Amino acid sequence: MRLSFYALGLISLVSACTSSSDFVAGQGSSTITVKNYKYQDVYNGVLKSIRSVDSNGTDIGNSLSVSRSDIKTGRIEANSPPNLFSYGEVVAVFIVPPKDSESYRIEVQSAPALATNVMANNWEEEVLQEIRKNLP
């Protein structure tokens, strides 16, 4: 009985975790459109933006680290580390279309690494602000 109680607790804890595979392009509300850039420049600008954002909205921290990026699909994933108030967050950025175009829709999605964490930072606006700086 005691073992099954612990197993149930472990299963519910694991199922409450967010991974980058939970994000799907087109399901977020934090988007911007950029025009008059080559795809490679947009992709590099988004990477630079993710690497330069921090939780205070300044350019000096590296609170997000890129964990995976795929230039062919236009998907970039990043994580923030755990801290005193949070178990960390997961961020996904989508660039649509992932090829040279007249304009690109850049979508940012953010979620706590542990779904029950109410103190997690939502990185969407900070990342979008940095993208606006790098791709005016």
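The values are calculated or read from the model by the stated rules, or taken from the named source; none is laboratory data. Since the model is a prediction, treat every value here as computed from it, not as a measurement. A quick note on method: Cβ atoms are made from the backbone with ideal geometry, for glycine too, and the neighbour counts reach across all protein chains shown.
On the stretch given as region 49-62, residues that are surrounded by fewer than 19 Cβ atoms within 10 Å (Cβ to Cβ) and either at pLDDT 95 or above or not in a helix (DSSP H, G or I) (or both) total 9.
Of everything in region 69-94 that is free of Cβ contacts under 8 Å to residues at least 24 places away in the same chain and within 13 Å of Leu114 (Cα to Cα), the residue that is nearest to the chain's Cα centre (by Cα) is Pro81. Taken together, Glu130, Glu124, Glu107, Glu77 contain a single residue that is in contact with a Lys or Arg (Cβ under 6 Å, 6 or more places away or on another chain), at pLDDT 90 or above and surrounded by 15 or more Cβ atoms within 10 Å (Cβ to Cβ), which is Glu77.
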